[in-house]
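Student: Attaching a single structure in structure tokens format; questions to follow.
The values are calculated or read from the model by the stated rules, or taken from the named source; none is laboratory data. These figures come from a predicted structure and were not determined experimentally. Methodologically, a virtual Cβ is constructed for each residue, glycine included, from the backbone with ideal geometry; neighbour enumeration extends over all protein chains shown. Accessible surface areas use protein heavy atoms only, side chains included; no ligands, DNA or RNA. Shrake-Rupley method; radii C 1.70, N 1.55, O 1.52, S 1.80 Å.
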Amino acid sequence: MAFKPANNIQDLQYFGEFGGVNPSISDSSTYTFLSAKTMFDTFEGNAEGCYLYSRHSSPSNLYLGEALAAMEGTETATVTASGMGAITPVLLQLCGSGEHIVSSRTIYGGTYAFLKNFAPRLGVSTSFVDITKLDIVEAAITPKTKVLYCESVSNPLLEVADIKGLAKLAKKYNLQLVVDNTFSPLSISPKKLGADVVIHSLTKFINGTSDTVGGVVCGTQEFIDQLRNVNDGAAMLLGSTMDSLRSASVLKNLRTLHIRMQQHSKNASYLAKKFENAGLKTVYPGLESHPSHQLFKSMMNPEYGFGGMLTIDVGSLDKANTLMELMQERNLGYLAVSLGFYKTLFSAPGSSTSSEIPEDEQAEMGLSDGLIRFSIGLDADIERTFDMMHQCMTELGILETEIA
Ligand SMILES: Cc1ncc(COP(=O)(O)O)c(C=O)c1O
């Protein structure tokens, strides 16, 4: 039977403490115990239903975690204070000194910086590979490798990972396949394709209002318990805990994610086709010209489309900058990093979100200076948006012809 992530969210039923239609927000950092014995058992990790201290867990965080686990089809999940606050504990839980990670080379700049510059200080090394080539991924695996790491749709190049193929490799070599699904919530369900751990930066589409950072790790009960273990759990000990007030607000936004993703995808798909037809070098997984279009199609939950992210290449950083400034002046969106907002956001990743990646490596992976990454908004009239964007491009000489 087809996996229906939005139904799983819709079907969750919570009653607030006083019968409210939203769960009551747990506004406490610590919890009382009626007996000292139960407190001891809770520390030992075997007093079901008892809360100890909110860095470990809180009712509000558990509600959000369970909703996201339902969305991803995993046994459970734990929410964190940011996407990086989800990624770093997962990798440090799975890898220790002397161990090795095989990672996609096109990933979010912060994750890249962590693996390249920080993890080696702890003795964890990483090989960065072209994740779309399974033979190259396999060749990079060593007896020390513990993790295969990728983004389902990569930031910023929108490369698509063959999650089923990677899961086969992970099984063969007894590795954990960790997938960051931030760019494709609902559209792609990595666990259903064989991933072991699914991560999101909630900051983006899932929260959707650009008012907070947040993250989540979705996985087995066993792995999430390990992350939260008071003695050696990386999530517990590194302390990137989400605040309960925030998890309550993210949970409320999650309920409209399916409608928002449909609109983001519809608008992005419209613009990508128009940009491509106008002669711009356009990358969008929904375009037939995308090298992994068929692969994305084979993995997707079709109701949610190909996502809200696209890139165009306007040839130079100068042109990219002037175009973005003009589009902002004309109120077509904001010149800002991040994604998933109701307004379109645009930035030049080479000099912003991927600037952690050295220039020669950017060039090697195809991240050119003139690349603009768009997170397409929820615009009600996307034809009008296109006409206005096209106008900006012709005024700046990026496109030559006026629309007929
Ligand atoms: C794909 C991806 N993963 C992770 C992150 C990090 O998330 P956060 O900024 O919430 O820490 C980002 C942020 O841009 C991202 O784009």
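Student: Which aspartates and glutamates, on any chain, are close to LYS252 with Cα under 16 Å apart, when same-chain ones fewer than 8 places away are left out?
Tutor: Excluding near neighbours in sequence, the set is ASP11, GLU66, ASP211, ASP243.
Student: Give me the extension gain from GLU288 to PHE118: residue separation times 0.36 nm, minus the current Cα-Cα distance, reported in nm with one decimal.
Tutor: Details: separation 170, 0.36 × 170 = 61.20 nm, distance 3.85 nm.
That works out to 57.4 nm of additional length.
Student: Sticking with this one: Per 0.36 nm of contour for each residue apart, how much would the distance between GLU75 and THR30 grow if the chain were fully extended, relative to their Cα-Cα spacing? Display every interim value, and only then the final one.
Tutor: Numbers: separation 45, 0.36 × 45 = 16.20 nm, distance 2.60 nm.
Full-extension gain reported as 13.6 nm.
Student: Given springs between every Cα pair under 10 Å in a Gaussian network model of the chain, which of ILE25, ILE107, ILE87 has the largest fluctuation?
Tutor: Of ILE25, ILE107, ILE87, the Gaussian network model singles out ILE25 as fluctuating most.
Student: For the stretch 192-292, run through the GluC sites (Glu not before Pro) and keep only the ones in DSSP coil with at most 12 other Cβ atoms within 10 Å of their Cβ.
Tutor: GLU288
Student: Something else: For each pair in LYS204/LYS297; LYS144/LYS191; LYS146/LYS281; LYS4/LYS204; LYS204/LYS281; LYS146/LYS297, compute the distance between the two Cα atoms and list the pairs where it is over 32 Å.
Tutor: Values: LYS204/LYS297 23 Å; LYS144/LYS191 24 Å; LYS146/LYS281 37 Å; LYS4/LYS204 21 Å; LYS204/LYS281 25 Å; LYS146/LYS297 29 Å.
Long pairs (Cα-Cα over 32 Å): LYS146/LYS281.
Student: What number, rounded to the nearest 500 deg cm²/dmol, is the helix-based mean residue ellipticity at 222 nm of the chain, given -39500 (n - 2.57) per DSSP H run of at least four residues and division by all its residues? Walk me through the numbers on the way to the answer.
Tutor: Values: 15 runs with 146 residues, N = 404.
Helices in the chain give a 222 nm mean residue ellipticity of -10500 deg cm²/dmol.
Student: Whole Å is fine, so just give me how far the alpha carbon centre of the stretch 1-33 lies from that of the stretch 351-404.
Tutor: 40 Å
Student: Could you work out which residue, out of GLN263, GLN362, GLN13, moves most in a Gaussian network model of the chain, that is, has the largest mean-square fluctuation with Cα springs under 10 Å?
Tutor: In the Gaussian network model the winner is GLN13.
Student: Using only Cα atoms, tell me the angle between helix 257-277 and the longest principal axis of the chain; keep it within 0 to 90° and round to the nearest 10.
Tutor: 20 degrees
Student: Ignoring ligands, DNA and RNA, how do HIS264, HIS258 rank by accessible area with a 1.4 Å probe, largest first? Let's see the in-between values first.
Tutor: Working: HIS264 0, HIS258 50 Å².
Sorted descending by solvent-accessible area, the residues read HIS258, HIS264.
Student: Here's a follow-up. Of the candidates ALA234, ALA268, ALA86, which one comes out as most mobile in a Gaussian network treatment of the chain with C-alpha springs shorter than 10 Å?
Tutor: For the chain, modelled as a Gaussian network with Cα springs under 10 Å, the answer is ALA234.
Student: Taking a probe of 1.4 Å, how large is the accessible area per residue of the chain, in Å²?
Tutor: Details: 17660 Å² over 404 residues.
Accessible surface, normalised per residue, equals 44 Å².
Student: Taking the Cα centre of the chain as origin, sum charge times position over the Cβ atoms of Lys and Arg (+1) and Asp and Glu (-1), and report the length of that vector in debye to the nearest 20. Let's see the in-between values first.
Tutor: Working: 31 positive and 43 negative charges, 136 e Å.
So the magnitude is around 660 debye.
Student: Compute the signed sum of charges (Lys and Arg +1, Asp and Glu -1) over the other residues within less than 10 Å, Cβ to Cβ, of LYS4.
Tutor: Working: positive: none; negative: ASP11, GLU303.
Around LYS4, the charge tally is -2.
Student: Modelled label-to-label distance, PHE15 and ASP130, 7 Å Cα→beta-carbon offset: nm?
Tutor: The two pseudo-label positions are separated by 5.8 nm.
Student: Can you give me the % of accessible surface on the chain that is carbon or sulfur? Probe 1.4 Å, all protein chains present, nothing else counted. List each step's numbers first, then the result.
Tutor: Details: 9060 of 17660 Å².
Roughly 51 percent, rounded to a whole number.
Student: To continue, here is another question. Angle between the Cα long axis of helix 244-254 and the longest principal axis of the chain, 0 to 90 degrees, nearest 10?
Tutor: That works out to roughly 50 degrees.
Student: Sticking with this structure for a sec: Can you find, among VAL197, ASN229, THR209, the residue sitting farthest towards the positive end of the charge dipole of the stretch 5-251, where Lys and Arg contribute +1 and Asp and Glu -1 at Cβ?
Tutor: With unit charges placed on the Cβ atoms, the residue in question is VAL197.
Student: So, one more: What whole-number distance in Å separates the alpha-carbon centres of the stretch 50-111 and the stretch 266-320?
Tutor: 29 Å
Student: Could you tell me the center-to-center distance, by alpha carbons, between the stretch 221-247 and the stretch 168-184 in angstrom?
Tutor: Cα centroid of the stretch 221-247 versus Cα centroid of the stretch 168-184: 21 Å apart.
Student: With charges only on Cβ, +1 for K and R and -1 for D and E, what is the dipole size of the stretch 258-396 about its Cα centre, in debye, rounded to 20? Don't skip to the answer; put the middle values down first.
Tutor: Values: 11 positive and 18 negative charges, 125 e Å.
Charge dipole of the stretch 258-396: 600 debye, to the nearest 20.
Student: Using +1 at the C-beta of Lys and Arg and -1 at the C-beta of Asp and Glu, which of GLY123, ALA81, THR106 has the Cα lying farthest in the positive direction of the dipole of the stretch 32-146?
Tutor: Value computed over the given set: GLY123.
Student: Can I ask one more? Mind pulling the angle between the C-alpha long axis of helix 317-329 and the longest principal axis of the chain? Nearest 10 degrees, somewhere in 0 to 90.
Tutor: 80 degrees
Student: So between GLU395 and ASN22, what do we pick up on full extension, going 0.36 nm a residue minus the alpha carbon distance? Numbers along the way, then the final one.
Tutor: On the way: separation 373, 0.36 × 373 = 134.28 nm, distance 4.97 nm.
Working it through step by step, the gained length comes to 129.3 nm.
Student: Name the residue from TYR304, TYR63, LEU367 whose Cα lies farthest towards the positive end of the charge dipole of the chain, charges +1 on Cβ of Lys and Arg and -1 on Cβ of Asp and Glu.
Tutor: Most positive-ward Cα: TYR63.
Student: Calculate the FRET efficiency for GLU325 and LYS37 from the Cβ-Cβ distance with a Förster distance of 45 Å, rounded to the nearest 0.05. It would help to have the intermediate numbers written out before the result.
Tutor: Details: r = 65 Å, r/R0 = 1.43.
Using R0 = 45 Å, I get an efficiency of 0.10.
Student: Mind checking the dipole of the stretch 273-342: about its Cα centre, +1 per Lys or Arg Cβ, -1 per Asp or Glu Cβ, Debye to the nearest 20?
Tutor: On the way: 6 positive and 7 negative charges, 26 e Å.
Dipole size: approximately 120 debye.
Student: Same structure again: Using DSSP, restrict attention to beta bridges with both residues in the chain and report what percent are antiparallel, rounded to the nearest 5. Can you show the working numbers first?
Tutor: Working: 24 of 43 bridges.
Of the beta bridges lying entirely in the chain, close to 55 percent run antiparallel.
Student: Please list, or write none, the aspartates and glutamates whose alpha carbon is within less than 17 Å of the alpha carbon of LYS133, excluding same-chain residues fewer than 8 places away.
Tutor: Leaving aside aspartates and glutamates fewer than 8 places away in the same chain, those within reach of LYS133 are GLU151, GLU159, ASP162, GLU364.
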